[in-house]
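The values are calculated or read from the model by the stated rules, or taken from the named source; none is laboratory data. Given the structure is predicted, the values throughout are model-derived calculations rather than measurements. Cβ: placed from backbone, ideal geometry, glycine included. Neighbour counts: every protein chain shown. Please note that ligands, DNA and RNA were not included when accessible areas were found on the heavy atoms of the full protein model with its side chains. Shrake-Rupley method; radii C 1.70, N 1.55, O 1.52, S 1.80 Å.
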Amino acid sequence: MTATQGIGRVARRTVHHASLAWRDDAECRDKPLGLFFGPDGERQADRDVREEKAKRVCRPCGVRTACLAYAMATGQPAGVWGGETTEERRGERRRQTRKAAPPPVPASQGFTKREADLYTASVHLMDRKGRLLADAAAELRVDARELRSIRRRGRQLSRPASSTA
Ligand code: SF4
């Protein structure tokens, strides 16, 4: 099964009336589904590598915007869609719900000044301007894995105390 066939199956289960014509022009048409959807219990390191490969397929895809919009609208719980991982889409959803709130600034504990600055810059580039992790990392001249780790920790630190209890 190819990626778009897989995406099509999910789509048919979730939104019957939505137009899915964009799938015909998908860059992932002939790519394996396993590149976009990882197996259960996938190790984080393997997941990082797989997702970056999937994103490379998405980057030049002409229907990326429609694909991402579809995934966001239907709340796709897994997979890389429109060049974004599940975690990134969750971040985007959180960003949309907190649109009026000021940018999160992580507490100083557990973060060096450099990490805090990188976190804040990544929030600006990714959550506000919609850059992909790899693009933001390149722009900030930091390794993508390090930036991913900083973002994960930054989100934990900036989460309200009530949501971590
Ligand atoms: S953006 Fe990525 S997942 Fe979406 S159709 Fe294009 S290649 Fe496939």
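Cβ-Cβ contacts under 8 Å between residues 6 or more apart (or on different chains), taken from a first residue in the stretch 40-65 that is small (Gly, Ala, Ser) to a second residue that is open to solvent by less than 60 Å² (accessible area, probe 1.4 Å) and assigned to a loop (DSSP other than H, G, I, E, B), are listed as Ala54/Cys28; Ala54/Phe36; Ala54/Val80. If I filter the stretch 98-120 for residues that are modelled with pLDDT under 85 and under 16 Å from the mean Cα position of the chain (by Cα), do I get at least one hit? Looking through the stretch 98-120, none of the residues is modelled with pLDDT under 85 and under 16 Å from the mean Cα position of the chain (by Cα). Taken together, Gly79, Gly75, Gly154, Gly130 contain a single residue that is in contact with a Phe, Trp or Tyr (Cβ under 7 Å, 6 or more places away or on another chain) and at pLDDT below 90, which is Gly154. Determine whether the stretch 43-58 contains at least one residue that is within 25 Å of Ser19 (Cβ to Cβ) and away from the ligand (no atom under 11 Å from the Cβ). No, the stretch 43-58 has no match at all. The set of residues in the stretch 66-97 that are among the small types (Gly, Ala, Ser), under 24 Å from Pro32 (Cβ atoms), within 9 Å of the chain's Cα centre (by Cα) and assigned to a helix (DSSP H, G or I) is empty. Applying the criterion of being of a type in the set (Gly, Ala, Ser) and open to solvent by 30 Å² or more (accessible area, probe 1.4 Å) to the residues of the stretch 67-84, the residue that is farthest from the ligand (Cβ to nearest atom) is Gly75.
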